[in-house]
């Protein structure tokens, strides 16, 4: 007897019609894959997922109307939560977005520049019950999330918001409670230069007082060296 594998029913959600058409052709060239619907934004993707009940939703992360993470949040909450496996498609994703997507129930994140075979492998990995992120399968999701959260928080601590090394030094001095005169003496520059630096720093960070600056530096974990 000739046993055929059951087809995986797929909905594609992407705001670029040419990309959707190409992806549909690519998937339907595989005998075990069938595209049963297409959406051009996240809201339509949620509606189709609930209406058609596909096995898998390929969901673009960066759609202008109702982006992928919003659609994912809709799918995973409420009385009408749709039990569909979701793979996010993205040109690029920050670690924080990947963490959020996996926490919201996504089963995979695939880069749009991946080779065709990699996407197909991701689909079959997810349908077999595992997870897929980037270019590899993930068997221990909890451990992987812990690693991602750690690395994304490390990156956040290194964000400098466009501040120069000298401006970071000035911020550190303000946090340490130094006055403009003391900062000028410490760095052997004029008070006018200190005021100029502070004006630039306020503009870049969107703060208007020294207290706001100090709070911003602490809350955003700016990479400051100790002064003194």
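The numbers here are math on the coordinates, done by the rules we state, and not lab data. Since the structure is predicted, the reported quantities are computational estimates derived from the model, not experimental observations. Using ideal geometry, Cβ is built from the backbone for each residue, glycine included, and neighbour counts are taken over all protein chains shown.
Here are some notes:
- Taking only the Cα atoms of the stretch 122-228, the ratio Rg/Rh comes out at 1.27, with Rh defined as the Kirkwood radius.
- Seen from every direction in turn and averaged, the convex hull around the alpha carbons of the stretch 165-219 projects onto 3.3 nm².
- Listed peptides 201-211, 83-93 appear in the order 83-93, 201-211 once ranked by packing, highest mean of other Cβ atoms within 10 Å at the front.
- Sorting 51-61, 138-148, 8-18 by their mean Cβ neighbour count within 10 Å, with the most densely packed peptide first, gives 51-61, 8-18, 138-148.
- Expressed per residue, the C-alpha convex hull volume of the chain stands at 163 Å³.
- Packing-based order for 112-118, 62-68, using average beta carbon neighbours within 10 Å, highest first: 62-68, 112-118
- Part-to-part distance (alpha-carbon centres) for the stretch 1-76 and the stretch 170-212, which is given in Å: 52 Å
- Reported value for the stretch 101-154: 80 Å³ per residue, from the convex hull of its C-alpha atoms.
- Length-normalised contact order for the chain - Cα pairs under 8 Å, 6+ apart - percent: 12 percent
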